[in-house]
Amino acid sequence: MGLLTGKTALVTGGGSGIGRSIAELYAKEGANVVISDINAQSGEETVQLIKSNAGEAFFVQADTSRAVDNELLVSKTIERYGSLHIACNNAGVGGPSSPTGEYPIDGWDRVIAINLSGVFYGCRYQIPAMLKTGNGVIINMASILGQVGFPNSPAYVAAKHGVVGLTKNIALEYAAQGLRAVSVGPAFIHTPLLKDMDEDTLKFLASKHPVGRLGRPEEVAELVLWLSSDKASFTNGGYYAVDGGYLAP
């Protein structure tokens with residue numbers, strides 16, 4: 001019997017990277033998994049990977065920067081599996097690289113829409129569904145940059161700080177009703193978000209981590225799994241870094 005047997009879990013941005021690793025691990029531990037992604041092909045690929053390992057999953061295409069898509073995602077989850085126990089709001093983008101005084105307005109709007117508003121929209125519809133279920137866990141994917149700044153990434157840093165604060169608020173508001181909310185802060189992880197970076201940049205980023213390397217998606221997934229399970233029943237409102245020591249100095 002798995003850690004999540006009998007539970008239904010939703011993962012946004014589940015078509016690749018960290019989201020795919022989380023979805024696969026959720027399924028391995030017995031959950032019915034709803035994968036959401038804006039890219040239908042990659043989302044369906046995650047479903048097939050899960051099913052090839054005898055897991056249960058289905059895909060719903062959604063743009064998490066749209067409130068209506070988040071509402072539809074939750075309603076399709078309930079329609080398919082009857083309840084919602086776990087939601088991992090993982091979808092995100094990196095955005096342009098530019099100092100604040102030169103940052104493109106359209107870039108700011110896009111990053112905030114997906115990385116912050118998208119998380120709020122998800123929570124906005126996930127919470128009522130979980131309250132009907134009687135309990136629930138929300139895992140909001142922040143970043144190490146939800147705790148510190150990073151030059152030339154003002155929108156990303158602002159959005160991820162906002163995710164940490166939003167998560168604390170949810171924890172305070174709904175703890176007495178059986179709902180937990182936590183945020184997770186990965187450092188730089190080998191995912192498609194880094195695909196356009198050259199080798200020198202990747203080496204520089206690796207050097208910022210005391211362990212001397214970038215992280216792997218499955219290392220983030222292991223933490224998320226534990227936080228999503230009943231083993232973490234007393235965790236609520238916290239921020240949990242998986243960062244190779246990045247935040248230690």
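The values are calculated or read from the model by the stated rules, or taken from the named source; none is laboratory data. Everything quoted here is computed from the prediction, not taken from an experiment. FYI the Cβ positions are ideal-geometry reconstructions off the backbone, even for glycines, and counts take in every protein chain you see.
Does Ile22 satisfy the condition of being within 18 Å of Trp226 (Cα to Cα) and touching a Cys at 6+ places or on another chain (Cβ under 8 Å)? It is true that Ile22 is within 18 Å of Trp226 (Cα to Cα) and touching a Cys at 6+ places or on another chain (Cβ under 8 Å). Among the numbered conditions (1) farther than 22 Å from Ala142 by Cα; (2) at pLDDT 95 or above, the only one that Gly92 does not meet is (1).
Within the range 156-188, the set of residues being within 20 Å of Pro217 (Cα to Cα) and small (Gly, Ala, Ser) comprises Ser183, Gly185, Ala187. Residues to consider are Ser98, Ser117; find the one that is assigned to a helix (DSSP H, G or I) and modelled with pLDDT of 95 or more. After applying the criteria, what remains is Ser117.
Just to verify a result, which residue in the range 197-233, among those that are over 16 Å from the mean Cα position of the chain (by Cα) and of a type in the set (Lys, Arg), is farthest from Ser143 (Cα to Cα)?
As a first pass, look at the range 197-233 and keep what is over 16 Å from the mean Cα position of the chain (by Cα): 197-214, 230-233.
In the following step, the residues that additionally are of a type in the set (Lys, Arg) were identified as 203, 208, 213, 231.
Details: Lys203: 19, Lys208: 15, Arg213: 17, Lys231: 23 Å.
Checked the range 197-233; the qualifying residue farthest from Ser143 (Cα to Cα) is Lys231.
Out of (1) surrounded by 14 or more Cβ atoms within 10 Å (Cβ to Cβ); (2) of a type outside the set (Phe, Trp, Tyr); (3) under 20 Å from Ala232 (Cα atoms), the odd one out for Pro217 is which? Failing condition for Pro217: (3).
All told, Lys28 falls short of being basic (Lys, Arg), surrounded by 21 or more Cβ atoms within 10 Å (Cβ to Cβ) and at pLDDT 95 or above. In the range 180-207, the residues that are without any contact (Cβ under 8 Å) to a residue 60 or more places away in the chain and surrounded by fewer than 14 Cβ atoms within 10 Å (Cβ to Cβ) form no Cβ pair under 6 Å with any partner that is in a helix (DSSP H, G or I) and not aromatic (Phe, Trp, Tyr), whether six or more places apart or across chains. I need a count of the residues in the range 1-47 that are acidic (Asp, Glu) and in a loop (DSSP other than H, G, I, E, B). The qualifying residues number 1. Residues in the range 23-58 that are of a type outside the set (S, T, N, Q), touching a residue at least 40 places away in the same chain (Cβ under 8 Å) and touching a Gly at 6+ places or on another chain (Cβ under 7 Å) were compared, and the one that is nearest to Ala129 (Cα to Cα) is Asp37.
Among the residues of the range 48-73, those identified as closer than 19 Å to Leu4 by Cα and assigned to a helix (DSSP H, G or I) are Leu49, Ile50, Lys51, Ser52. Go through the range 237-249 and give me each residue that's surrounded by 19 or more Cβ atoms within 10 Å (Cβ to Cβ), in a loop (DSSP other than H, G, I, E, B) and at negative phi. Those that are surrounded by 19 or more Cβ atoms within 10 Å (Cβ to Cβ), in a loop (DSSP other than H, G, I, E, B) and at negative phi: Asp243, Tyr246. Here is the figure for the range 134-164: residues that are in a helix (DSSP H, G or I), among the β-branched types (Val, Ile, Thr) and either surrounded by fewer than 18 Cβ atoms within 10 Å (Cβ to Cβ) or touching a strand residue (DSSP E or B) at 6+ places or on another chain (Cβ under 6 Å) (or both) total 3.
Within the range 176-225, which residues are in a strand (DSSP E or B), touching a Gly at 6+ places or on another chain (Cβ under 8 Å) and among the β-branched types (Val, Ile, Thr)? Steps first, answer last, please.
Of all residues in the range 176-225, those in a strand (DSSP E or B) come to 179-186, 189, 215.
Filter again for touching a Gly at 6+ places or on another chain (Cβ under 8 Å), leaving 179-183, 185-186, 189, 215.
Residues satisfying the conditions are Val182, Ile189.
Could you say whether any residue in the range 67-86 is among the small types (Gly, Ala, Ser) and crowded, with 21+ Cβ neighbours inside 10 Å? No, because not a single residue in the range 67-86 is among the small types (Gly, Ala, Ser) and crowded, with 21+ Cβ neighbours inside 10 Å.
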